[in-house]
1. Using 0.36 nm per residue, how much length does the chain from Y270 to A126 gain when fully extended, once their Cα-Cα distance is taken away?
2. Report, in whole Å, the centroid distance computed from the Cα atoms of segment 267-286 and segment 107-153.
3. Please give the FRET efficiency for D16 paired with S192, using the beta carbon to beta carbon distance and R0 = 45 Å, rounded to the nearest 0.05.
4. Please list, in chain and number order, the residues 5+ apart from L259 or on another chain whose amide H is under 5 Å from its amide H, with Hs placed from the backbone.
5. Each residue of segment 296-303 in turn: what ³J(HN,Hα) in whole Hz from Karplus with 6.51, -1.76, 1.60 and θ = phi - 60°, glycine and Pro shown as x?
6. Determine, for each peptide in 18-24, 73-79, the mean count of other beta carbons within 10 angstrom over its residues, then list the peptides with the highest first.
7. For segment 219-236, just list the computed ³J(HN,Hα) in residue order, Karplus coefficients 6.51, -1.76 and 1.60, θ = phi - 60°, integers in Hz, with x standing in for Gly and Pro.
8. Test of the criteria: in segment 211-259, which trypsin sites (Lys or Arg not before Pro) are in a DSSP loop and have at most 15 other Cβ atoms within 10 angstrom of their Cβ?
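Where a number appears in this text, it was derived from the coordinates with a stated rule and is not lab data. Note that the structure is a prediction, hence the values are computed from the model and not measured. Every residue, glycine among them, receives a Cβ derived from its backbone with ideal geometry; neighbour counts consider all protein chains shown.
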Amino acid sequence: MTLRAKLTGTGMCVPDNVVTNHDLAKLMDTSDEWIRQRSGIVERRHVVPPQRPSELAEVAAQRALESAGIDAGDLDLIILATLSAEADFPGTSFFLQDRLGLSETPCFDLRAQCSGFVYSLSVANAFVKSGQYRRVLVVGCEVHSTGLDFSDDGRDVTVLFGDGAGAVIVEANDDPDDAGEILEVRIHAEGSFADKLWVEAPGSGLHPRMTQEILDEKRHYPRMQGRFVFKHATRRMPEVLLQTLSAASLKLEDVDHFLFHQANLRINEYVATQLEIPPEKCPSNIERYGNCSAASIPMLLDENVREGRIEPGDLVAMASFGAGFSWTSAVLRWS
Ligand code: ACO
C-alpha cells in the first residue's frame, strides 16, 4: 500500500500589539494611502518585549495539536520554517521543542524565507510517505519587527512585514476511505538573485560578522529591489501552480481555495487575474497581518479552516514566492 500524508490540524498565533499604517506614518515618511494602495496592508502585529518567536510558535503548535486531537508527545518530528530565528544558533525549533515539554523529539529549522512553509511541507510529506515518521509538526514562525529599520531609510520594506506563527500537523493516512492527502508539492530556487532581497549581516561571510561600519551602513536591515521581486513573483507563482496541478492531473477549475503567500495583495491579484481565478477563491489576511513570510500560508489556512470556509473534500492549492529567490506550490485534499 502506498503511504499517504494528510493535514490533520491547524493553528496560528499573532501578538496582541496592533501596529497600523498610521502608527508607522508617525515614525517614518509614509502614509496609510501609500501602503494600502501598493500592498493592501492596513495593519500588522508586532511583538512587545520580552515576547520571543518560540512563544508564538508554541501557541500555534498547541492549537494545531488540539485540532488534530493529539498531544505533543505523539509527535515524531518538528520542522520550523523561519527567516527570523530566535538566536544565531540553535534554531527556533529547539526552543519550541523545549516549550512543548519534549526532550528527545527531533527538530530542525528550515531556511527558505517566504517559501519556507511549503518547503517544510514537502519535507514532512516525504518523511511520512517514506514510512520513517507518522506525525510531523510543521510551523512557520516569524518575528520581523525586531529587525526592521523604522527610519525613512527602511520604509520600503518595514511597512510590509508583520509578526506571527502558523502550524499544521502532517500525519500518515492509512484509511482508504479518507480522501485527505497532500497530492503534489513542487519547490524551486534561483540563488543568483539572493542579494535582490536579503539581510547581509551578521553573517559568517563577513570578517568579522558585525562591525560599527556595518551598523552605520545599515547592512543588518533587509534590503529589497521591490519592482524586481514583484516581476519575478508574478511570473513564478502562476508557473509553479500550473506545474503542480498538472502533476496531480488537476485543472485550475478543480481548485476550491487558492492560498497564496501574503507578500503583497497586488501580487496575488495580478496572479489571480492572469490565471482567471475568481477573487472569492483567493482569501487573504494581509490586510490585518502584513507579510509574515513563512507563517503567512499556515495562518491563512488556519483562519479559513476555523471559519468553515475550507470544508472536508475541498481541494486547496498553495503557492509562494520569496527571497532566495524561492518559489513553491502544493495541492492537497482537505478531509
Ligand atoms: N511610503 C511612501 N513612499 C515610499 C515607501 C513608503 N513606505 N516606500 C517607498 N516609497 C517611495 C519610493 O522611495 C519611491 O519614491 P521615488 O519615486 O521618489 O523614488 C516611490 O515610493 C515608488 O517606489 P517603488 O519601489 O518604485 O514602488 P513600487 O510601486 O514598486 O511599490 C513595493 C513598492 C510595494 C515594495 C512593490 O515593489 C512590491 O510589492 N514588491 C514586491 C515586494 C514583496 O513582495 N516583498 C516580499 C517578498 S517575500 C520575502 O521573501 C521576504
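1. Working: separation 144, 0.36 × 144 = 51.84 nm, distance 3.18 nm.
This chain segment gains 48.7 nm when fully extended.
2. 24
3. Values: r = 41 Å, r/R0 = 0.90.
After rounding, the FRET efficiency stands at 0.65.
4. Distant-sequence amide H within range of L259: A317, M318, A319.
5. With coefficients 6.51, -1.76 and 1.60, one gets 5, 5, x, 5, 5, 4, 4, 4 Hz.
6. Values: 18-24: 16.3, 73-79: 19.7.
Ranking the peptides 18-24, 73-79 by packing returns 73-79, 18-24.
7. Per-residue couplings from phi come out as 7, 8, 9, x, 10, 9, 9, x, 5, 5, 4, 4, 4, 6, 4, 6, 8, 6 Hz.
8. Values: sites: K218, R219, R223, R227, K231, R235, R236, K251; in loops: K218, R219, K251.
When the trypsin sites (Lys or Arg not before Pro) of segment 211-259 are filtered for loop state and at most 15 Cβ neighbours within 10 Å, K218, K251 remain.
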